[in-house]
Structure formats: structure tokens, C-alpha cells
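Okay, structure first, notes after.
The values are calculated or read from the model by the stated rules, or taken from the named source; none is laboratory data. This one's a predicted model, so the numbers in the text were calculated from it and none came from an experiment. Here the Cβ positions follow ideal geometry from the backbone for every residue, glycine too, while neighbour counts run over all protein chains shown.
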Amino acid sequence: MPSAPSGHPLSQPRRGSRAAAVALGVALGGGVHLGASAEAGAVDPPPARQRWRPAGEPDPGRTIDQIDPEFWQLTQARMQELPADAYRKRGRQLLAHIDPESAESALRLLQIATHSYPDDAGLLGDYAEALLTPYRWTWNREDKWRSLAARTLERAREVDPRRVEVLRAEGLFQMLDARLEAAEASFRAALEVAPEDLEALLLLGGVLRVQNRFADAYRVLDRAIAAAPFDARGYSALADVYRDDKWLEEALNLYRKANALDRTAFLPRFGQAVVYQRYGHSVRALEMQKELIKEFPRFEGLILLSAAATHMQAAEWASALLELEQVKLGGTRGLCDGSVQYRIGVCKLRAGDDAGALAAFRRTIDEFPAARDGSDYGERVLFPAAIHLATLLDRAGKPQEAIDRLEQASQDADAPLALQLDLAARLTSFRLYDRAADALRRGLDGERPTDRLDQRLRLRVDLVRALTAAGRRTALAEQAVPALRALERRAEQEGSPADCVALARAHALLGEPEIALQWLTRAVGMGYRELDALRADPDLASLRDRPGFVALLRGK
């Protein structure tokens with residue numbers, strides 16, 4: 001495994017880390033249980049001031065001595081009402097454990113605290129975040145949590161919209177709604193108010209990681225790490241970035257360090273198992289996953305999903321399917337059902353069960369878009385499912401439904417280039433050139449610099465072809481031609497022989513035979529040898545009678 005790249009944050013001296021666990025790209029299992037009624041003789045918190053309460057808020061059910069005995073002893077020792085910061089600090093400590101019991105205690109403690117400090121925007125912001133915790137980690141996806149959090153956050157904004165806790169809660173809402181750019185802006189605004197706020201730093205790092213902006217994520221998380229070198233969560237969050245950036249050895253070392261700092265933490269050990277899986281060490285990964293299920297039963301759904309991925313990587317489809325069915329039987333516990341169904345579809349497809357695969361892929365797509373849960377529901381699940389489903393529908397003699405399903409998925413702003421190209425090819429085969437051009441324009445609008453050059457060139461060739469066949473000369477001149485010209489310089493520098501042939505096709509279709517011949521000559525000079533295919537290519541039909549083309553095919 002290569003070492004960290006030169007200039008990479010891990011290759012620089014570290015000052016240390018403290019961090020809160022960032023929202024994972026997947027949901028964790030468990031369940032939230034409301035507390036029992038207060039016992040007789042329990043001591044209530046100090047009398048509340050004039051209270052604002054969000055409509056529909058449940059009664060805490062328990063008093064502070066029942067919710068958090070340790071904190072209650074501190075309260076009694078002070079013999080007076082604790083300041084808001086004491087409640088806030090304790091609430092954050094409890095939330096940092098990332099388990100249902102601690103999260104419930106934090107929620108109830110902060111609820112009682114806002115009774116005592118109804119005009120403290122910071123406490124209200126933290127309370128909103130605590131209300132979102134069951135939804136964020138998918139222990140309980142009931143809408144009441146979001147609704148209560150939204151009303152609490154609205155009140156916090158009325159009191160002080162610039163409090164770091166308020167901005168952080170706003171960003172968390174936006175992150176849960178997959179509005180990552182807005183979430184990033186909110187977390188950066190929070191850091192303008194409090195530059196060393198660890199929660200905001202790690203949430204920002206997580207948002208950057210989900211967007212594959214690894215260099216930015218390294219820098220942000222390193223700032224968080226500098227604050228407390230003995231907190232395991234920071235190293236685990238940084239390891240997630242290294243893992244996604246495919247620096248697996250560095251990720252494994254960071255997970256080990258996090259585990260050494262906190263041997264009771266789930267995330268570092270789960271991260272180690274994922275790294276072993278990606279290394280191809282299936283046996284070791286499965287051993288760790290079995291240990292995790294025994295020690296962390298509340299996360300069973302997530303662990304089973306990871307174990308299924310390990311078996312899928314080893315092409316052990318029956319074992320993977322068994323684990324996925326176990327996840328499904330458990331009600332997925334908040335895990336995105338579309339993610340589970342997609343993997344079931346892949347296993348059944350590979351095992352030769354087309355009918356079962358088709359049904360699973362249908363369910364995957366039908367859950368969209370309501371199921372956006374911050375997991376891998378986008379490019380890794382929804383869009384491949386649409387392509388698989390279209391292929392299976394074609395086999396079943398249902399080409400129109402195949403097109404409809406692809407068009408449904410293609411409307412999403414995140415739809416990848418491969419899906420738009422697949423859809424356009426199907427539409428073109430039915431001579432639906434206008435609809436094909438619309439799909440390709442969506443691909444052009446959503447194009448990313450990280451998209452493969454050959455796909456970007458194919459997009460332009462297909463767009464030229466569709467617009468030409470549809471007789472849309474204005475759109476051809478205004479959209480396709482500028483897009484083609486913009487990519488030619490890159491193709492000159494790093495294009496393959498096949499890329500040069502693609503450009504030749506586009507220019508031939510545009511009625512520019514001399515430029516087309518130049519690109520073909522370049523392709524042959526670079527080693528392109530499929531000359532019979534060039535002779536039969538319909539896109540190059542306008543070149544067949546040209547001496548230069550004939551000579552090129554004869555090797556002269």
C-alpha cells in the first residue's frame with residue numbers, strides 16, 4: 001500500500017484531535033424508548049421561568065436524578081440552579097456516545113434545561129440537535145422528531161440566529177435533507193462565530209467527505225484534531241476520509257489509534273472491518289463483523305449489510321443474500337430499504353434469478369425520492385438499479401417501461417452521465433431523437449470534471465447525432481458545438497485513439513470532413529487498428545468517397 005501523498009495532511013506533524021462523530025453515510029440501527037413516569041418522591045428541577053414549548057412536545061417522563069444520576073449529584077452539590085453551559089456541556093457529552101440510551105438522556109436533560117432557560121438560543125439549538133438525533137442516526141424515523149426540532153430551531157432563531165449552536169442545527173437539518181452546499185455554508189458560518197467549535201468542524205468535514213472533496217476534508221478535520229488528541233472520535237472521522245480516498249493503510253492505522261483511545265467505541269472497529277473488506281481480506285473482515293454483532297447488537301442491521309458487501313465482493317451471492325434477508329426481516333431499523341433492496345437485486349441477478357432481481361430493483365426505485373437518508377442511496381444505488389432494471393425489462397420484452405424507468409431516474413439532478421447515455425441510446429433506437437437530446441442535455445448540465453473523458457466525448461457525439469436527426473440546427477449550433485470545442489483541447493493532451501475516433505464522428509456529422517480526417521489520422525497514428533469498423537461506421541459515411549479517407553484505410 002503506498003504511503004500518504006506528499007503534502008497530504010497525514011504526512012505533516014499533528015497537533016492532536018478532539019471531534020464529534022460526523023453523520024455517517026449510512027444509518028445505524030436501534031430504537032428510542034421514552035422514559036417511565038417519574039417515581040414518587042423524585043426531586044424536580046428548579047422552577048421554570050416563563051416557558052416557550054414546541055407544540056406536541058412529549059413530557060420528559062423522568063426527573064434529572066432518574067435521567068442522569070451523576071449530573072444530579074453535581075446539581076445537589078451546588079445547591080443551586082446550574083448555569084446553562086453546564087447543561088449544554090453534559091448534553092454534548094451524552095450525545096457524543098452515539099447510542100440510543102445516551103441520546104435519550106441527552107434529549108431529556110436538554111428538554112428540562114430549556115424549561116429553566118427558555119431564552120437561551122444555545123440551549124435551544126442543542127435541544128433541536130438532540131431532537132434530530134433519533135432521526136439522524138435512524139433509530140427512530142418518526143416525523144415527530146423532525147417537527148419538534150424544526151419548531152425548536154425556529155424559536156432559537158428568534159432569540160439569536162447567530163449562535164453557533166443555532167447555525168450548527170441549521171446545517172444538520174440541511175445535511176439530512178441532502179442539501180450539502182447549504183449545510184456547508186451553515187457550518188462555515190458557525191465556524192466564523194466559533195472557529196474552534198469541534199462539532200461544527202467535524203460536521204463540515206463529514207459534508208466535504210460525502211462530496212468527495214477529500215483535500216478540504218483533511219484540512220478541516222485536522223483543525224478539529226488539534227483540539228483534543230485523546231478523543232477517539234476525531235481519529236475515526238479522519239480515518240473515514242482516508243478510507244473513502246482509498247488510502248486504506250492510513251485509514252486502518254487511524255482506526256486502530258481511535259480504538260486504542262476508546263475500546264468501547266463502535267465506529268473505529270466497524271471502520272477497520274470495512275477496510276479489511278476493501279483490502280480483499282474477506283475472512284478477517286467477516287471475523288470482525290461477527291464479533292461486532294455480538295458486542296453491538298443495536299447496530300446489527302448495519303453490520304449485516306457490511307457483511308453482505310464482503311460476501312458480494314467474494315462473489316458468494318447466497319451468503320450475501322441470506323444476510324440481506326436478515327436485515328430486511330429486522331425491518332431494516334431505519335436503514336434505507338432501497339439500499340437493502342438494491343443489494344438483494346444484485347445478488348439475485350448474479351445468481352440467475354431475473355424475476356427476483358427485477359422485483360427488487362423495482363422496489364429500489366419506487367422508494368425514491370422519499371428515502372434519501374444520507375446513505376448511499378444516490379449514485380451507488382438508485383442509478384445502477386435503474387440501469388439494471390431497464391436491462392431486465394428489455395429481456396422481458398418491456399422496452400417502453402425500461403425507458404420510463406430510466407427517464408424517471410434521469411430527472412434527478414445527481415443522475416450520472418452513464419445513465420443519461422444509456423437512456424439516450426434507447427430513445428435513439430426508437431427514433432425518439434428529441435427525447436434523446438433532452439436526456440443528453442441533462443447529462444451536459446450535470447457533467448462533472450471527474451467524469452471519464454470517453455463518456456464526456458460520447459455525450460457530445462450522441463448529442464450531435466440526436467440534434468442532427470431531429471433537425472434542430474439552432475440547438476446544435478448553440479449547445480452541441482460549443483460543448484464539443486471546449487473538450488477538444490483536453491482530448492489533444494490526454495485522449496486515447498478511441499477518443500480521437502469519437503471526435504472524428506462528431507465532426508463528420510457536423511459536416512466538417514477535413515477536421516474529421518485530421519482526428520482519424522491522429523487515431524491511426526496512435527495505434528488505432530480497427531479500420532474495418534471505420535469503413536462501416538454510419539457516422540463516417542460522408543467521408544467514404546474522400547481520397548484522404550480511402551488512403552488512410554489502405555494504410556498509405
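Pick from A237, A227: which is over 26 Å from R380 (Cβ atoms) and surrounded by 17 or more Cβ atoms within 10 Å (Cβ to Cβ)?
Selected residue: A227, the only one of A237, A227 that is over 26 Å from R380 (Cβ atoms) and surrounded by 17 or more Cβ atoms within 10 Å (Cβ to Cβ).
Among A185, A227, A156, which is assigned to a helix (DSSP H, G or I) and farther than 17 Å from L123 by Cβ?
A185
What are the pairs with Cβ atoms under 8 angstrom where one residue, in segment 312-329, is hydrophobic (A, V, I, L, M, F, W, C) and the other, located anywhere, is part of a loop (DSSP other than H, G, I, E, B) and surrounded by fewer than 15 Cβ atoms within 10 Å (Cβ to Cβ)? Sequence gap at least six, or different chains.
From residues that are hydrophobic (A, V, I, L, M, F, W, C), the pairs are W317/A351; A318/A351; L321/A351.
If you scan segment 166-177, which residues turn out to be touching an Asp or Glu at 6+ places or on another chain (Cβ under 9 Å), surrounded by fewer than 21 Cβ atoms within 10 Å (Cβ to Cβ) and in contact (Cβ under 8 Å) with a residue 40 or more places away in the chain?
Correct list: L176 only.
When residues of segment 479-503 are filtered for being surrounded by 12 or more Cβ atoms within 10 Å (Cβ to Cβ) and part of a helix (DSSP H, G or I), how many remain?
Total satisfying the criteria: 17.
Being within 25 Å of the chain's Cα centre (by Cα), more than 23 Å from Q341 (Cβ to Cβ) and not aromatic (F, W, Y) is the filter; apply it to segment 287-322 and report the residue that is surrounded by the fewest Cβ atoms within 10 Å (Cβ to Cβ).
P297
Going by what's in this entry, would E530 be described as of a type outside the set (A, V, I, L, M, F, W, C), closer than 22 Å to D451 by Cα and either under 42 Å from the mean Cα position of the chain (by Cα) or buried (at least 19 other Cβ atoms within 10 Å of the Cβ) (or both)?
No: the conditions fail for E530.
What residue, of A86, A169, is under 27 Å from L267 (Cβ atoms), modelled with pLDDT of 70 or more and assigned to a helix (DSSP H, G or I)?
Result of the check over A86, A169: A169.
Mind checking which residues of segment 251-270 are closer than 19 Å to I303 by Cα, over 23 Å from the mean Cα position of the chain (by Cα) and of a type in the set (K, R)?
R256, R263
Would you check which residues across segment 192-212 are part of a loop (DSSP other than H, G, I, E, B) and either buried (at least 21 other Cβ atoms within 10 Å of the Cβ) or among the β-branched types (V, I, T) (or both) and list them?
D197
Residues are listed down the side, and each one gets a yes or a no for (1) among the charged types (D, E, K, R); (2) not assigned by TED's automatic domain parsing to the domain that holds L95:
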| residue | (1), (2) |
| --- | --- |
| L191 | no, no |
| P195 | no, no |
| N212 | no, no |
| P229 | no, no |
| D240 | yes, no |
| V274 | no, yes |
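Looking at segment 189-206 only, could you name the residues that are out of contact with any Phe, Trp or Tyr (no Cβ under 6 Å at 6 or more places or on another chain) and touching a residue at least 60 places away in the same chain (Cβ under 8 Å)?
Listed by number, the residues that qualify are L198, E199, L201, L202, G205, G206.
Can you name the condition, by its number, that P268 falls short on among (1) in contact with a Phe, Trp or Tyr (Cβ under 6 Å, 6 or more places away or on another chain); (2) more than 27 Å from A96 (Cα to Cα); (3) crowded, with 21+ Cβ neighbours inside 10 Å?
Single failed check for P268: (2).
Yes or no, residue by residue, for (1) over 30 Å from E196 (Cβ atoms); (2) not small (G, A, S):
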position	(1), (2)
V220	no, yes
A227	no, no
G234	no, no
W247	no, yes
L254	no, yes
P268	no, yes
Y279	yes, yes
I293	yes, yes
